[in-house]
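A.B. asks: The structure is given below, and queries will be raised subsequently.
The values are calculated or read from the model by the stated rules, or taken from the named source; none is laboratory data. Since this is a predicted model, take the numbers as computed values, not measurements. Using ideal geometry, Cβ is built from the backbone for each residue, glycine included, and neighbour counts are taken over all protein chains shown. Surface accessibility is based on the protein's heavy atoms, side chains included, excluding ligands, DNA and RNA. Shrake-Rupley method; radii C 1.70, N 1.55, O 1.52, S 1.80 Å.
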Amino acid sequence: MKMTFTIKYIINSFIAILFFCNIGQAQNDSIVSTKTDSLKYKESYGLRLGGDLGKLIRSFIDDEYKGFEINADYRLTKKWYVAGEIGVEEKDTDNDYLNATTQGSYFKAGVDYNAYDNWYGMENMIYGGFRVGASTFSQTLNSYGVYAQDQYWSPQLTSNESQKFSGLSALWGEFIVGLKVEVLNNLYLGLNAQFKYLISQDQPDNFENLYIPGFQKTYDSGGFGFGYGYSISYLIPFYKKNK
């Protein structure tokens with residue numbers, strides 16, 4: 001009897017253990033496993049082409065200026081872009097002592113770095129960069145006057161004989177800072193400021209370059225210059241990468 005009771009007790013205990021194990025397994029099976037998905041979106045990589053709105057507007061409102069510029073950049077990595085500009089300018093300089101016309105073309109090439117960390121779905125730029133610029137141009141001295149210290153007794157010498165100096169060139173470096181904002185899908189508006197340093201230039205005999213296409217105005221034979229631009233551009237996406 002005692003042995004029979006012991007066997008029944010063991011069997012009942014084993015059945016109870018199996019019952020509770022099955023309940024625990026059923027509870028575990030009822031828990032739905034979930035996966036943590038990371039949010040990803042793709043950024044466009046391609047060629048952005050545009051022009052300088054400032055030069056076009058100035059050509060219409062300023063009788064002493066004509067010019068246009070085509071600009072472009074190509075995205076290499078998440079932050080770095082290869083960039084450049086090409087353009088032509090014609091500028092008349094007219095003051096009390098001379099009247100001169102500068103005509104020529106220029107090319108600038110370099111890189112931009114986008115310092116802006118875009119939010120989801122945005123592809124704007126707040127950037128800084130560097131350019132090397134080169135220009136070929138001509139200077140035409142339309143008229144000039146020679147300053148005389150004794151204006152009372154000696155009339156001022158003037159000349160209206162036109163003199164043209166062709167085959168001039170200039171080389172400079174510039175730092176650029178600016179922003180580009182996507183206003184419509186792949187359409188950007190931008191503005192920038194340029195700080196320039198003249199490396200070399202050809203000058204006519206007895207006559208300084210008052211204006212250099214691409215470099216713009218020169219200041220009292222100094223090597224520093226300043227410029228600005230307003231751009232409109234369109235991105236041609238070639239492919240996309242996950243951010």
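A.B. asks: Within the range 79-97, does at least one residue satisfy the condition of being within 24 Å of L198 (Cβ to Cβ), assigned to a strand (DSSP E or B) and among the polar types (S, T, N, Q)?
C.D. replies: Among the residues of the range 79-97, at least one is within 24 Å of L198 (Cβ to Cβ), assigned to a strand (DSSP E or B) and among the polar types (S, T, N, Q), which makes the answer yes.
A.B. asks: A further question on this structure: Among the residues of the range 199-239, write down those that are of a type in the set (A, V, I, L, M, F, W, C), farther than 16 Å from E90 by Cα and either at pLDDT 90 or above or not in a loop (DSSP other than H, G, I, E, B) (or both).
C.D. replies: Passing the criteria: I199, F224, F226, I232, L235, I236, F238.
A.B. asks: So, one more: Just checking, does the range 182-194 include any residue being open to solvent by 60 Å² or more (accessible area, probe 1.4 Å), among the charged types (D, E, K, R) and touching a residue at least 12 places away in the same chain (Cβ under 8 Å)? Explain how you work it out, then say what you get.
C.D. replies: Step one: list which residues in the range 182-194 are open to solvent by 60 Å² or more (accessible area, probe 1.4 Å), which gives 183-185, 189, 191.
Imposing the further condition that a residue be among the charged types (D, E, K, R) reduces the set to none.
Scanning the range 182-194, I find no residue that is open to solvent by 60 Å² or more (accessible area, probe 1.4 Å), among the charged types (D, E, K, R) and touching a residue at least 12 places away in the same chain (Cβ under 8 Å), so the answer is no.
A.B. asks: Take the residues of the range 204-233 that are hydroxyl-bearing (S, T, Y) and surrounded by 14 or more Cβ atoms within 10 Å (Cβ to Cβ): which is nearest to V183 (Cα to Cα)?
C.D. replies: By that ranking, first place goes to S233.
A.B. asks: Checking A100 against (1) buried (at least 18 other Cβ atoms within 10 Å of the Cβ); (2) hydrophobic (A, V, I, L, M, F, W, C); (3) at pLDDT 95 or above, which test does it fail?
C.D. replies: Result: A100 fails condition (3) only.
A.B. asks: Starting from the range 92-116, take each residue that is farther than 22 Å from D52 by Cβ and without any contact (Cβ under 8 Å) to a residue 60 or more places away in the chain and list its partners that are open to solvent by less than 40 Å² (accessible area, probe 1.4 Å) and of a type in the set (A, V, I, L, M), counting only C-beta distances under 9 angstrom and pairs at least six apart or across chains.
C.D. replies: That search, which allows pairs on different chains as well, returns D94/A100; L98/L141; N99/L141; A115/M125.
A.B. asks: Still on this structure: Out of the residues in the range 103-148 that are open to solvent by 50 Å² or more (accessible area, probe 1.4 Å) and in a loop (DSSP other than H, G, I, E, B), state the one that is modelled with the highest pLDDT.
C.D. replies: Restricting to residues being open to solvent by 50 Å² or more (accessible area, probe 1.4 Å) and in a loop (DSSP other than H, G, I, E, B), the top hit is A115.
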